[in-house]
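Engineer: Pasting in a structure now, in C-alpha coordinates, and then I'll have a few things to ask.
The values are calculated or read from the model by the stated rules, or taken from the named source; none is laboratory data. It should be emphasised that the depicted structure is a prediction, and the values quoted were computed from it without experimental measurement. Methodologically, a virtual Cβ is constructed for each residue, glycine included, from the backbone with ideal geometry; neighbour enumeration extends over all protein chains shown. For the accessible areas, the whole protein counts, side chains as well, though only heavy atoms, and no ligand, DNA or RNA atoms are used. Shrake-Rupley method; radii C 1.70, N 1.55, O 1.52, S 1.80 Å.
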Amino acid sequence: MELQEKIDQYLLDQLSPADKVKFEQLIAGDSQLKSEVALQQSVIAALGNTSAVQLKSRLQKIPVSMASTGNALRLKWLGAAAITTVAAGLIIFLLTGQEKTTDSSDSSTTQEVSSTELKETIAVANEKATAATVTENQSSTIVEEKAVEKKQKSSTSASAANELKAFDNSTNFNDTETGNVSTPNADNSSAPANTLYTETNNKLSNLSVNVDTSNPKDKSYQFTGSKLTLFGDFNNKPYELLELNNKGQKNLFLSYNNEYFELIWGQMKKTPLKKVSNKETLEKLKVINP
Amino acid sequence: MNDQEIIEQIKRGDESAIDFLYKKNYRMMVKLILKNSGTEDEAKDIYQDALVVLWQKAKNPEFVLSSKISTYLYSVCLNLWRKELERKSRHSSSEGMDYGESMPLDEKERISIVQKCISELGDACKQILIYYYYDKLSMAEIAEKMGFANADTAKTKKYKCKQELDKKIKTQYTPSDFLD
(Lines give C-alpha, C1' and ligand atoms only; values in the text may rest on other atoms or scores of the structure.)
Protein backbone atom coordinates (compact mmCIF):
# COMPACT_ATOMS: atom_id res chain seq x y z
CA MET A 1 0.00 0.00 0.00
CA GLU A 2 1.29 3.41 -0.90
CA LEU A 3 2.33 5.58 2.01
CA GLN A 4 0.05 8.41 0.87
CA GLU A 5 -2.96 6.10 0.93
CA LYS A 6 -2.05 4.93 4.42
CA ILE A 7 -1.80 8.55 5.62
CA ASP A 8 -5.23 9.25 4.09
CA GLN A 9 -6.73 6.26 5.83
CA TYR A 10 -5.20 7.32 9.13
CA LEU A 11 -6.45 10.88 8.86
CA LEU A 12 -9.90 9.86 7.62
CA ASP A 13 -10.19 7.44 10.53
CA GLN A 14 -10.45 4.41 8.28
CA LEU A 15 -7.82 2.25 10.01
CA SER A 16 -8.66 -0.46 12.51
CA PRO A 17 -7.73 0.43 16.12
CA ALA A 18 -4.75 -1.95 15.96
CA ASP A 19 -3.47 -0.52 12.66
CA LYS A 20 -3.97 2.98 14.01
CA VAL A 21 -1.75 2.28 17.01
CA LYS A 22 0.90 0.74 14.76
CA PHE A 23 0.83 3.72 12.42
CA GLU A 24 1.11 6.18 15.29
CA GLN A 25 4.19 4.31 16.49
CA LEU A 26 5.64 4.66 13.00
CA ILE A 27 4.94 8.39 12.98
CA ALA A 28 6.59 8.83 16.36
CA GLY A 29 9.81 7.27 15.11
CA ASP A 30 9.98 8.92 11.66
CA SER A 31 10.27 12.70 11.44
CA GLN A 32 9.74 12.72 7.65
CA LEU A 33 6.50 10.77 8.04
CA LYS A 34 5.49 13.09 10.86
CA SER A 35 5.92 16.17 8.68
CA GLU A 36 4.02 14.47 5.84
CA VAL A 37 1.09 13.70 8.15
CA ALA A 38 1.13 17.30 9.45
CA LEU A 39 1.01 18.56 5.87
CA GLN A 40 -1.97 16.32 5.05
CA GLN A 41 -3.74 17.51 8.20
CA SER A 42 -3.31 21.06 6.96
CA VAL A 43 -4.67 19.99 3.56
CA ILE A 44 -7.87 18.66 5.17
CA ALA A 45 -8.30 21.80 7.28
CA ALA A 46 -7.71 24.01 4.23
CA LEU A 47 -10.26 22.00 2.24
CA GLY A 48 -12.72 22.65 5.09
CA ASN A 49 -12.08 26.38 4.82
CA THR A 50 -12.49 26.23 1.05
CA SER A 51 -15.78 24.39 1.51
CA ALA A 52 -16.93 27.12 3.94
CA VAL A 53 -16.00 29.86 1.50
CA GLN A 54 -17.90 28.06 -1.28
CA LEU A 55 -20.97 27.64 0.92
CA LYS A 56 -20.94 31.29 1.90
CA SER A 57 -20.58 32.37 -1.67
CA ARG A 58 -23.57 30.15 -2.55
CA LEU A 59 -25.66 31.81 0.19
CA GLN A 60 -24.70 35.27 -1.02
CA LYS A 61 -26.37 34.49 -4.34
CA ILE A 62 -29.73 33.76 -2.70
CA PRO A 63 -31.91 36.87 -2.96
CA VAL A 64 -33.17 37.79 0.51
CA SER A 65 -33.97 41.08 2.17
CA MET A 66 -35.84 42.24 5.21
CA ALA A 67 -38.25 44.12 2.97
CA SER A 68 -39.11 41.09 0.83
CA THR A 69 -39.42 38.63 3.70
CA GLY A 70 -41.34 41.26 5.62
CA ASN A 71 -43.79 41.58 2.78
CA ALA A 72 -44.20 37.82 2.78
CA LEU A 73 -45.18 37.94 6.43
CA ARG A 74 -47.46 40.90 5.88
CA LEU A 75 -49.16 38.78 3.23
CA LYS A 76 -50.34 36.48 6.00
CA TRP A 77 -52.15 39.47 7.50
CA LEU A 78 -53.44 40.46 4.12
CA GLY A 79 -54.58 36.90 3.49
CA ALA A 80 -56.55 36.87 6.72
CA ALA A 81 -57.97 40.29 5.92
CA ALA A 82 -58.91 39.12 2.43
CA ILE A 83 -60.77 36.12 3.86
CA THR A 84 -62.68 38.48 6.13
CA THR A 85 -63.49 40.83 3.28
CA VAL A 86 -64.70 38.03 1.01
CA ALA A 87 -66.80 36.58 3.84
CA ALA A 88 -68.29 40.00 4.55
CA GLY A 89 -69.00 40.57 0.86
CA LEU A 90 -70.68 37.17 0.47
CA ILE A 91 -72.90 37.61 3.46
CA ILE A 92 -73.83 41.16 2.50
CA PHE A 93 -74.71 39.81 -0.94
CA LEU A 94 -76.85 37.06 0.60
CA LEU A 95 -78.54 39.49 2.96
CA THR A 96 -79.30 41.89 0.15
CA GLY A 97 -80.78 39.06 -1.91
CA GLN A 98 -82.87 37.75 0.96
CA GLU A 99 -84.27 41.20 1.71
CA LYS A 100 -85.97 41.21 -1.64
CA THR A 101 -87.73 37.89 -1.11
CA THR A 102 -88.61 37.87 2.60
CA ASP A 103 -90.71 40.09 4.82
CA SER A 104 -89.08 42.41 7.35
CA SER A 105 -89.47 40.19 10.42
CA ASP A 106 -87.93 37.15 8.66
CA SER A 107 -85.22 39.35 7.28
CA SER A 108 -84.16 40.66 10.67
CA THR A 109 -83.91 37.09 11.99
CA THR A 110 -81.78 36.07 8.99
CA GLN A 111 -79.57 39.13 9.40
CA GLU A 112 -79.02 38.37 13.06
CA VAL A 113 -77.99 34.78 12.34
CA SER A 114 -75.79 35.78 9.43
CA SER A 115 -74.23 38.54 11.45
CA THR A 116 -73.28 36.03 14.14
CA GLU A 117 -71.84 33.70 11.52
CA LEU A 118 -69.88 36.55 10.03
CA LYS A 119 -68.46 37.47 13.41
CA GLU A 120 -67.37 33.87 13.82
CA THR A 121 -65.72 33.91 10.39
CA ILE A 122 -63.98 37.15 11.25
CA ALA A 123 -62.87 35.74 14.58
CA VAL A 124 -61.32 32.76 12.78
CA ALA A 125 -59.58 35.05 10.31
CA ASN A 126 -58.30 37.19 13.13
CA GLU A 127 -57.08 34.16 15.01
CA LYS A 128 -55.09 33.17 11.93
CA ALA A 129 -53.62 36.63 11.67
CA THR A 130 -52.85 36.71 15.38
CA ALA A 131 -51.30 33.25 15.18
CA ALA A 132 -48.98 34.51 12.45
CA THR A 133 -47.86 37.36 14.67
CA VAL A 134 -47.48 35.25 17.76
CA THR A 135 -45.41 32.72 15.82
CA GLU A 136 -43.18 35.49 14.62
CA ASN A 137 -42.87 36.89 18.13
CA GLN A 138 -42.09 33.48 19.52
CA SER A 139 -39.45 32.75 16.94
CA SER A 140 -37.82 36.13 17.25
CA THR A 141 -37.56 35.98 21.01
CA ILE A 142 -36.32 32.47 21.61
CA VAL A 143 -33.21 33.45 23.49
CA GLU A 144 -34.40 36.83 24.63
CA GLU A 145 -35.44 37.37 28.19
CA LYS A 146 -38.64 35.59 29.05
CA ALA A 147 -40.14 38.62 30.74
CA VAL A 148 -39.90 40.58 27.51
CA GLU A 149 -41.42 37.70 25.58
CA LYS A 150 -44.35 37.47 27.97
CA LYS A 151 -44.95 41.18 27.71
CA GLN A 152 -44.97 40.99 23.92
CA LYS A 153 -47.36 38.09 23.89
CA SER A 154 -49.80 39.79 26.23
CA SER A 155 -49.61 42.96 24.13
CA THR A 156 -50.30 40.89 21.05
CA SER A 157 -53.36 39.37 22.62
CA ALA A 158 -54.59 42.79 23.70
CA SER A 159 -54.04 44.14 20.22
CA ALA A 160 -55.82 41.18 18.67
CA ALA A 161 -58.77 41.79 20.94
CA ASN A 162 -58.86 45.45 19.89
CA GLU A 163 -58.73 44.47 16.27
CA LEU A 164 -61.51 41.96 16.67
CA LYS A 165 -63.56 44.73 18.21
CA ALA A 166 -62.74 46.94 15.25
CA PHE A 167 -63.90 44.25 12.84
CA ASP A 168 -67.08 43.85 14.85
CA ASN A 169 -67.76 47.56 14.55
CA SER A 170 -67.26 47.35 10.82
CA THR A 171 -69.93 44.68 10.51
CA ASN A 172 -72.65 46.27 12.62
CA PHE A 173 -75.57 45.50 10.33
CA ASN A 174 -78.11 47.23 12.57
CA ASP A 175 -76.56 50.57 11.63
CA THR A 176 -75.86 49.69 8.03
CA GLU A 177 -78.03 50.24 5.02
CA THR A 178 -77.18 47.35 2.77
CA GLY A 179 -78.01 49.42 -0.29
CA ASN A 180 -75.08 51.71 0.45
CA VAL A 181 -72.72 48.81 0.91
CA SER A 182 -73.28 47.44 -2.53
CA THR A 183 -73.21 50.83 -4.26
CA PRO A 184 -69.83 51.12 -5.99
CA ASN A 185 -69.88 54.95 -6.04
CA ALA A 186 -70.77 55.35 -2.37
CA ASP A 187 -69.05 58.33 -0.75
CA ASN A 188 -66.36 57.01 1.59
CA SER A 189 -67.02 59.67 4.20
CA SER A 190 -70.59 58.48 4.69
CA ALA A 191 -70.25 54.85 3.69
CA PRO A 192 -70.36 52.16 6.37
CA ALA A 193 -67.07 51.08 7.86
CA ASN A 194 -66.94 47.75 6.01
CA THR A 195 -67.09 49.56 2.66
CA LEU A 196 -64.02 51.60 3.59
CA TYR A 197 -62.26 48.47 4.71
CA THR A 198 -62.90 46.61 1.46
CA GLU A 199 -61.72 49.49 -0.66
CA THR A 200 -58.53 50.18 1.27
CA ASN A 201 -57.70 46.50 1.23
CA ASN A 202 -58.07 46.39 -2.55
CA LYS A 203 -55.75 49.36 -2.85
CA LEU A 204 -53.04 47.76 -0.71
CA SER A 205 -53.08 44.52 -2.66
CA ASN A 206 -52.27 46.49 -5.82
CA LEU A 207 -49.71 48.78 -4.26
CA SER A 208 -46.18 48.89 -5.64
CA VAL A 209 -43.37 50.79 -3.93
CA ASN A 210 -40.60 52.82 -5.54
CA VAL A 211 -37.71 54.44 -3.72
CA ASP A 212 -36.22 57.71 -4.93
CA THR A 213 -32.81 58.19 -3.30
CA SER A 214 -31.80 61.27 -5.31
CA ASN A 215 -32.06 63.41 -2.17
CA PRO A 216 -31.17 61.23 0.87
CA LYS A 217 -32.14 63.96 3.35
CA ASP A 218 -35.60 64.35 1.88
CA LYS A 219 -37.98 62.04 3.73
CA SER A 220 -41.35 62.24 2.05
CA TYR A 221 -43.85 60.16 0.10
CA GLN A 222 -46.34 60.41 -2.70
CA PHE A 223 -49.04 58.18 -4.18
CA THR A 224 -49.51 57.97 -7.92
CA GLY A 225 -52.42 55.65 -8.61
CA SER A 226 -51.46 52.32 -7.08
CA LYS A 227 -47.79 53.31 -6.81
CA LEU A 228 -46.19 54.62 -3.63
CA THR A 229 -42.93 56.55 -3.99
CA LEU A 230 -40.70 56.96 -0.94
CA PHE A 231 -38.17 59.78 -1.18
CA GLY A 232 -35.00 59.49 0.89
CA ASP A 233 -32.25 56.99 1.71
CA PHE A 234 -34.61 54.05 2.21
CA ASN A 235 -32.29 51.59 0.51
CA ASN A 236 -29.68 51.88 3.28
CA LYS A 237 -31.75 50.12 5.90
CA PRO A 238 -34.76 47.85 5.58
CA TYR A 239 -38.18 49.43 5.65
CA GLU A 240 -41.60 47.85 6.01
CA LEU A 241 -45.12 48.87 5.20
CA LEU A 242 -47.54 47.98 7.95
CA GLU A 243 -51.27 48.20 8.08
CA LEU A 244 -53.25 48.54 11.24
CA ASN A 245 -56.94 47.99 11.82
CA ASN A 246 -58.27 51.02 13.58
CA LYS A 247 -61.96 51.64 14.17
CA GLY A 248 -63.02 49.73 11.09
CA GLN A 249 -60.39 51.29 8.82
CA LYS A 250 -57.01 50.05 7.77
CA ASN A 251 -54.34 52.69 8.19
CA LEU A 252 -50.99 52.44 6.46
CA PHE A 253 -47.70 53.01 8.24
CA LEU A 254 -44.05 52.94 7.28
CA SER A 255 -41.53 51.41 9.64
CA TYR A 256 -37.96 52.57 9.09
CA ASN A 257 -34.92 52.76 11.35
CA ASN A 258 -36.98 51.98 14.48
CA GLU A 259 -39.40 54.81 13.71
CA TYR A 260 -42.97 54.75 12.41
CA PHE A 261 -44.55 57.16 9.97
CA GLU A 262 -48.20 57.41 8.97
CA LEU A 263 -49.02 57.40 5.28
CA ILE A 264 -52.29 58.84 4.03
CA TRP A 265 -53.79 56.74 1.28
CA GLY A 266 -53.91 58.41 -2.12
CA GLN A 267 -51.82 61.44 -1.08
CA MET A 268 -51.04 62.73 -4.59
CA LYS A 269 -48.95 65.62 -3.33
CA LYS A 270 -45.36 64.93 -2.26
CA THR A 271 -45.73 65.05 1.52
CA PRO A 272 -43.08 65.02 4.26
CA LEU A 273 -43.20 61.86 6.38
CA LYS A 274 -44.73 62.52 9.76
CA LYS A 275 -43.70 60.42 12.75
CA VAL A 276 -46.46 58.63 14.62
CA SER A 277 -46.87 60.33 17.99
CA ASN A 278 -50.04 58.65 19.26
CA LYS A 279 -48.91 56.32 22.05
CA GLU A 280 -51.69 53.77 21.52
CA THR A 281 -50.96 53.53 17.80
CA LEU A 282 -47.23 53.23 18.48
CA GLU A 283 -47.84 50.37 20.89
CA LYS A 284 -49.99 48.53 18.36
CA LEU A 285 -47.35 49.01 15.67
CA LYS A 286 -44.65 47.69 17.96
CA VAL A 287 -46.73 44.61 18.60
CA ILE A 288 -47.12 43.76 14.92
CA ASN A 289 -43.54 44.78 14.15
CA PRO A 290 -41.52 44.06 17.30
CA MET B 1 -39.10 19.33 6.37
CA ASN B 2 -38.42 18.97 10.12
CA ASP B 3 -35.17 19.76 11.92
CA GLN B 4 -33.96 16.17 11.98
CA GLU B 5 -34.53 15.78 8.25
CA ILE B 6 -32.57 18.96 7.65
CA ILE B 7 -29.64 17.68 9.72
CA GLU B 8 -29.72 14.36 7.82
CA GLN B 9 -29.60 16.29 4.53
CA ILE B 10 -26.62 18.32 5.75
CA LYS B 11 -24.82 15.14 6.81
CA ARG B 12 -25.33 13.82 3.27
CA GLY B 13 -23.67 16.99 1.94
CA ASP B 14 -26.87 18.43 0.45
CA GLU B 15 -26.41 22.21 0.38
CA SER B 16 -30.08 22.81 -0.47
CA ALA B 17 -30.84 22.19 3.24
CA ILE B 18 -28.70 25.23 4.09
CA ASP B 19 -30.41 27.30 1.38
CA PHE B 20 -33.76 26.35 2.93
CA LEU B 21 -32.64 27.34 6.44
CA TYR B 22 -31.12 30.57 5.18
CA LYS B 23 -34.40 31.76 3.72
CA LYS B 24 -36.55 30.38 6.53
CA ASN B 25 -34.77 32.12 9.42
CA TYR B 26 -33.35 35.15 7.61
CA ARG B 27 -35.74 37.68 9.12
CA MET B 28 -35.29 36.47 12.69
CA MET B 29 -31.48 36.42 12.57
CA VAL B 30 -31.18 39.76 10.79
CA LYS B 31 -33.53 41.37 13.31
CA LEU B 32 -31.28 40.11 16.09
CA ILE B 33 -28.25 41.90 14.64
CA LEU B 34 -30.22 45.03 13.69
CA LYS B 35 -31.47 45.29 17.26
CA ASN B 36 -27.86 45.14 18.42
CA SER B 37 -26.53 48.06 16.37
CA GLY B 38 -25.67 46.14 13.20
CA THR B 39 -26.59 46.81 9.59
CA GLU B 40 -28.40 44.37 7.33
CA ASP B 41 -25.16 43.65 5.45
CA GLU B 42 -23.36 42.82 8.68
CA ALA B 43 -26.33 40.73 9.78
CA LYS B 44 -26.27 38.82 6.50
CA ASP B 45 -22.56 38.13 6.89
CA ILE B 46 -22.92 36.91 10.48
CA TYR B 47 -25.93 34.74 9.63
CA GLN B 48 -24.10 33.15 6.69
CA ASP B 49 -21.16 32.40 8.99
CA ALA B 50 -23.54 30.84 11.50
CA LEU B 51 -24.92 28.55 8.80
CA VAL B 52 -21.39 27.56 7.82
CA VAL B 53 -20.73 26.67 11.47
CA LEU B 54 -23.87 24.49 11.51
CA TRP B 55 -22.85 22.90 8.18
CA GLN B 56 -19.44 21.98 9.59
CA LYS B 57 -20.60 20.85 13.02
CA ALA B 58 -23.46 18.74 11.68
CA LYS B 59 -21.02 16.70 9.62
CA ASN B 60 -19.37 15.45 12.78
CA PRO B 61 -20.87 12.00 13.53
CA GLU B 62 -21.00 12.95 17.20
CA PHE B 63 -23.07 16.08 16.56
CA VAL B 64 -26.39 15.94 18.39
CA LEU B 65 -29.00 18.65 17.97
CA SER B 66 -30.14 19.47 21.50
CA SER B 67 -32.48 22.33 20.56
CA LYS B 68 -34.42 23.61 17.56
CA ILE B 69 -32.17 24.54 14.64
CA SER B 70 -33.46 28.13 14.81
CA THR B 71 -32.45 28.34 18.49
CA TYR B 72 -29.03 26.90 17.67
CA LEU B 73 -28.52 29.42 14.84
CA TYR B 74 -29.75 32.25 17.04
CA SER B 75 -27.12 31.43 19.70
CA VAL B 76 -24.34 31.08 17.11
CA CYS B 77 -25.31 34.42 15.52
CA LEU B 78 -25.35 36.07 18.92
CA ASN B 79 -21.88 34.73 19.78
CA LEU B 80 -20.42 35.64 16.40
CA TRP B 81 -21.89 39.13 16.63
CA ARG B 82 -20.49 39.61 20.16
CA LYS B 83 -17.06 38.60 18.86
CA GLU B 84 -17.43 40.99 15.95
CA LEU B 85 -18.39 43.85 18.29
CA GLU B 86 -15.37 43.07 20.47
CA ARG B 87 -13.18 43.05 17.40
CA LYS B 88 -14.61 46.38 16.29
CA SER B 89 -14.08 47.89 19.70
CA ARG B 90 -10.42 46.85 19.60
CA HIS B 91 -10.14 48.51 16.17
CA SER B 92 -8.16 45.55 14.92
CA SER B 93 -8.09 44.76 11.23
CA SER B 94 -10.46 42.15 9.85
CA GLU B 95 -9.03 38.79 9.01
CA GLY B 96 -12.32 37.32 7.93
CA MET B 97 -14.26 34.55 9.57
CA ASP B 98 -12.40 31.85 11.43
CA TYR B 99 -14.34 28.73 10.54
CA GLY B 100 -12.33 26.38 12.71
CA GLU B 101 -11.74 26.08 16.40
CA SER B 102 -9.27 28.55 17.85
CA MET B 103 -5.77 27.45 16.93
CA PRO B 104 -2.22 28.75 17.13
CA LEU B 105 -1.27 31.31 14.52
CA ASP B 106 1.46 29.17 12.91
CA GLU B 107 -1.07 26.45 12.18
CA LYS B 108 -3.38 29.05 10.68
CA GLU B 109 -0.55 30.21 8.47
CA ARG B 110 0.14 26.67 7.26
CA ILE B 111 -3.49 26.16 6.43
CA SER B 112 -3.60 29.43 4.60
CA ILE B 113 -0.58 28.34 2.51
CA VAL B 114 -2.40 25.16 1.47
CA GLN B 115 -5.64 27.07 0.90
CA LYS B 116 -3.87 29.30 -1.60
CA CYS B 117 -2.65 26.20 -3.48
CA ILE B 118 -6.19 24.74 -3.44
CA SER B 119 -7.52 27.97 -4.93
CA GLU B 120 -5.25 27.41 -7.94
CA LEU B 121 -6.87 24.04 -8.73
CA GLY B 122 -9.75 23.67 -11.19
CA ASP B 123 -13.29 23.72 -9.78
CA ALA B 124 -13.85 19.98 -10.34
CA CYS B 125 -10.61 19.07 -8.55
CA LYS B 126 -11.43 21.35 -5.62
CA GLN B 127 -14.87 19.77 -5.29
CA ILE B 128 -13.64 16.17 -5.51
CA LEU B 129 -11.02 16.79 -2.82
CA ILE B 130 -13.56 18.53 -0.56
CA TYR B 131 -16.00 15.65 -1.01
CA TYR B 132 -13.35 13.05 -0.24
CA TYR B 133 -11.19 14.60 2.48
CA TYR B 134 -13.60 16.98 4.17
CA ASP B 135 -17.10 15.63 3.59
CA LYS B 136 -15.72 12.07 3.79
CA LEU B 137 -17.98 10.84 1.01
CA SER B 138 -17.35 7.45 -0.56
CA MET B 139 -16.07 7.17 -4.14
CA ALA B 140 -19.50 5.95 -5.25
CA GLU B 141 -21.15 9.02 -3.68
CA ILE B 142 -18.58 11.33 -5.29
CA ALA B 143 -19.15 9.67 -8.68
CA GLU B 144 -22.89 10.27 -8.32
CA LYS B 145 -22.53 13.90 -7.26
CA MET B 146 -19.94 14.72 -9.93
CA GLY B 147 -21.70 12.77 -12.69
CA PHE B 148 -18.83 10.28 -13.20
CA ALA B 149 -19.43 6.86 -14.75
CA ASN B 150 -18.48 4.94 -11.61
CA ALA B 151 -16.51 4.88 -8.35
CA ASP B 152 -13.30 3.90 -10.16
CA THR B 153 -13.44 7.01 -12.32
CA ALA B 154 -13.93 9.10 -9.17
CA LYS B 155 -10.96 7.38 -7.53
CA THR B 156 -8.69 8.06 -10.52
CA LYS B 157 -9.78 11.71 -10.68
CA LYS B 158 -9.27 12.16 -6.96
CA TYR B 159 -5.79 10.65 -7.20
CA LYS B 160 -4.79 13.00 -10.02
CA CYS B 161 -6.22 16.04 -8.25
CA LYS B 162 -4.41 15.17 -5.03
CA GLN B 163 -1.15 14.70 -6.93
CA GLU B 164 -1.60 18.09 -8.55
CA LEU B 165 -2.24 19.72 -5.17
CA ASP B 166 0.73 18.02 -3.49
CA LYS B 167 2.94 19.13 -6.37
CA LYS B 168 1.79 22.73 -6.00
CA ILE B 169 2.39 22.68 -2.26
CA LYS B 170 5.78 20.99 -2.45
CA THR B 171 7.18 23.16 -5.23
CA GLN B 172 6.58 26.18 -3.03
CA TYR B 173 7.08 24.81 0.45
CA THR B 174 9.03 21.95 2.02
CA PRO B 175 7.26 19.46 4.29
CA SER B 176 9.36 20.73 7.18
CA ASP B 177 7.48 24.04 6.89
CA PHE B 178 4.53 22.08 8.17
CA LEU B 179 6.24 20.95 11.34
CA ASP B 180 6.02 22.80 14.61
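Engineer: Once you have a ≥ b ≥ c as the square roots of the Cα gyration tensor eigenvalues for chain B, tell me rounded if a/c is under 1.5, and otherwise prolate or oblate according to whether a/b is larger than b/c. Intermediate values should be presented prior to the final figure.
Structural biologist: Values: a/c = 2.45, a/b = 1.31, b/c = 1.86.
Note, shape of chain B comes out oblate.
Engineer: While we're on this one: Separation between the B:LYS160 and A:LEU11 pseudo-spin-labels, each 7 Å from Cα along Cα→Cβ, expressed in nm?
Structural biologist: Result: 2.2 nm between the two label points.
Engineer: Here's a follow-up. Over the Cα atoms, compute the radius of gyration (one decimal) and Dmax (the largest Cα-Cα distance, rounded to a whole number) for region B:1-74, in Å.
Structural biologist: 12.3, 37
Engineer: Quick check on region A:205-288: take the gyration tensor over C-alpha atoms, sort the square-rooted eigenvalues as a ≥ b ≥ c, and tell me if it's rounded (a/c under 1.5), prolate or oblate. Display every interim value, and only then the final one.
Structural biologist: Details: a/c = 1.84, a/b = 1.31, b/c = 1.41.
Oblate shape, in that a/c is at least 1.5 and b/c is the bigger or equal ratio.
Engineer: With charges set only on the Cβ (+1 for Lys and Arg, -1 for Asp and Glu), what does the dipole of region A:3-60 come to about its Cα centre, in debye to the nearest 20? Don't skip to the end; give the middle numbers.
Structural biologist: On the way: 6 positive and 7 negative charges, 60 e Å.
In total the dipole reaches around 280 debye.
Engineer: Would you mind working out the magnitude of the charge dipole of chain B relative to its Cα centre, with +1 at each Lys and Arg C-beta and -1 at each Asp and Glu C-beta, to the nearest 20 Debye? Show your work: numbers first, answer last.
Structural biologist: On the way: 30 positive and 30 negative charges, 30 e Å.
Result for chain B is approximately 140 debye, rounded to the nearest 20.
Engineer: List the cysteines in chain B whose Cβ has no other cysteine Cβ under 4.7 Å from it.
Structural biologist: Unpaired cysteines in chain B: B:CYS77, B:CYS117.
Engineer: If exposed means no more than 10 neighbouring beta carbons inside 10 Å and the site is in a DSSP loop, what's the longest run of chain B without any exposed GluC sites (Glu not before Pro)?
Structural biologist: Working: sites that count: B:GLU62, B:GLU95, B:GLU101.
With a cap of 10 other Cβ atoms within 10 Å, the longest stretch comes to B:102-180.
Engineer: In addition: Give me the accessible area buried between chains B and A, both sides summed, with a 1.4 Å probe, in Å² rounded to the nearest 100. It would help to have the intermediate numbers written out before the result.
Structural biologist: Working: alone 11840 and 18070 Å², together 25290 Å².
Using a 1.4 Å probe on protein heavy atoms, the buried area is about 4600 Å².
Engineer: Now a separate question. Can you give the accessible area per residue of chain B, in Å², using a 1.4 Å probe?
Structural biologist: Working: 9590 Å² over 180 residues.
The answer is 53 Å² per residue.
Engineer: While we're on this one: Ignoring ligands, DNA and RNA, please state the percent of accessible area on chain B from carbon and sulfur, probe 1.4 Å. Don't skip to the answer; put the middle values down first.
Structural biologist: Details: 4720 of 9590 Å².
Here it works out to 49 percent.
Engineer: Within 10 Å of each Cβ in peptide B:56-62, how many partner chain Cβ atoms are there on average? Round it to a whole number, please. Each step should come with its number before you reach the end.
Structural biologist: Details: counts 5, 0, 0, 2, 0, 1, 0.
Shielding by partners across B:56-62 averages 1.
Engineer: If Rh is defined by the Kirkwood formula over all Cα pairs and Rg also comes from Cα, what ratio Rg/Rh do you get for region A:3-60?
Structural biologist: Details: Rg = 14.6 Å, Rh = 12.7 Å.
Computed over Cα atoms, the ratio is 1.15.
Engineer: Something else about it: A drop of at least 10 square angstrom in accessible area, chain alone versus all protein chains together, probe 1.4 Å. Which residues of region B:111-143 meet that?
Structural biologist: B:ILE111, B:VAL114, B:GLN115, B:ILE118, B:LYS126, B:GLN127, B:LEU129, B:ILE130, B:TYR132, B:TYR133, B:TYR134, B:LYS136
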